[in-house]
Amino acid sequence: MVIPGMMSGDSSTAYLRRSLEASGFDVRKSGITFQTGIEATRFGSLQARVLNIREATGKKPLLVGWSLGGLYARALAHAAAKDVAMIMSLGSPFSGPRTANRAWRLYNLVNDHSVDSPPIAIDVSCKPPVFTIAAWSRRDGIVSVASAQGLPEESDETLELPGSHFDLGTSSRCVRPVIERLGRVPE
């Protein structure tokens, strides 16, 4: 399941999802049409979606979250570890101060809570109890490298990608290494 970032929805992940499907993955949308931030009701809907995917396929889904979507993926892996195979965050600001990105002021403006006080009490900087990959880029331009790469204990692996924040799910030079890495799911 692919989870989109802030100020976007499933339409923003179309290229990434099509590329994953073309590589043989059974890809599911998140069901998000547009999101501005973390919401408890959306988190509950995503939890139900993860469980439905597992029940329908008999397999634990891999979660790929782009930017804010990666925070949801990390939180879902904490809350429903028995139902998640692994996660990959793409340029997600999970480590360090929540203001280590260029979007935090916009986030605070359009939500009824600040980036420092989300309505979900899960520390996304803690490594989830599933295999976790943090994909990041030196050229991100929105999220700081340190925030998206995290500390060694906050993920099992990191993956450097070559594009800007908006390239992470829309550029073949970023999507190809994501697909290649997801193709090697740990046992």
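The values are calculated or read from the model by the stated rules, or taken from the named source; none is laboratory data. On a predicted model such as this, the values are computed, not experimentally measured, just so you know. Reconstructed Cβ throughout: ideal geometry from the backbone, glycine too, with neighbour counts over all protein chains shown. These area figures cover heavy atoms from the full protein model, side chains too; ligands, DNA and RNA do not enter into them. Shrake-Rupley method; radii C 1.70, N 1.55, O 1.52, S 1.80 Å.
For Ser137, are the conditions met, namely being under 15 Å from Ser67 (Cα atoms), open to solvent by less than 10 Å² (accessible area, probe 1.4 Å) and small (Gly, Ala, Ser)? Talk me through it step by step, then tell me what you get.
Numbers: under 15 Å from Ser67 (Cα atoms): yes; open to solvent by less than 10 Å² (accessible area, probe 1.4 Å): yes; small (Gly, Ala, Ser): yes.
Considered against the rule, which asks whether it is under 15 Å from Ser67 (Cα atoms), open to solvent by less than 10 Å² (accessible area, probe 1.4 Å) and small (Gly, Ala, Ser), Ser137 comes out as yes.
For region 44-65, which positions are open to solvent by less than 20 Å² (accessible area, probe 1.4 Å) and not β-branched (Val, Ile, Thr)?
Leu46, Pro61, Leu63, Gly65
Within region 95-115, does at least one residue satisfy the condition of being part of a loop (DSSP other than H, G, I, E, B), under 19 Å from Leu46 (Cβ atoms), open to solvent by 10 Å² or more (accessible area, probe 1.4 Å) and among the basic types (Lys, Arg)?
no
Any residue at all in region 142-154 that's open to solvent by 60 Å² or more (accessible area, probe 1.4 Å) and in contact with a His (Cβ under 9 Å, 6 or more places away or on another chain)? Can you show your working first?
The first filter runs over region 142-154 and keeps only residues open to solvent by 60 Å² or more (accessible area, probe 1.4 Å), leaving 146, 151-153.
Within this subset, residues satisfying the condition of being in contact with a His (Cβ under 9 Å, 6 or more places away or on another chain) are none.
No, the conditions are met nowhere in region 142-154.
Per-residue answers, yes or no, for (1) without any contact (Cβ under 8 Å) to a residue 40 or more places away in the chain; (2) more than 24 Å from His78 (Cα to Cα):
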{"residue": "Ser12", "(1), (2)": "no, yes"}
{"residue": "Ser23", "(1), (2)": "no, yes"}
{"residue": "Val27", "(1), (2)": "yes, no"}
{"residue": "Phe34", "(1), (2)": "yes, no"}
{"residue": "Gly37", "(1), (2)": "no, no"}
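Any residue that is under 19 Å from Ala75 (Cα atoms), assigned to a loop (DSSP other than H, G, I, E, B) and at pLDDT 95 or above - is there at least one of those in region 136-147?
No, region 136-147 contains no residue that is under 19 Å from Ala75 (Cα atoms), assigned to a loop (DSSP other than H, G, I, E, B) and at pLDDT 95 or above.
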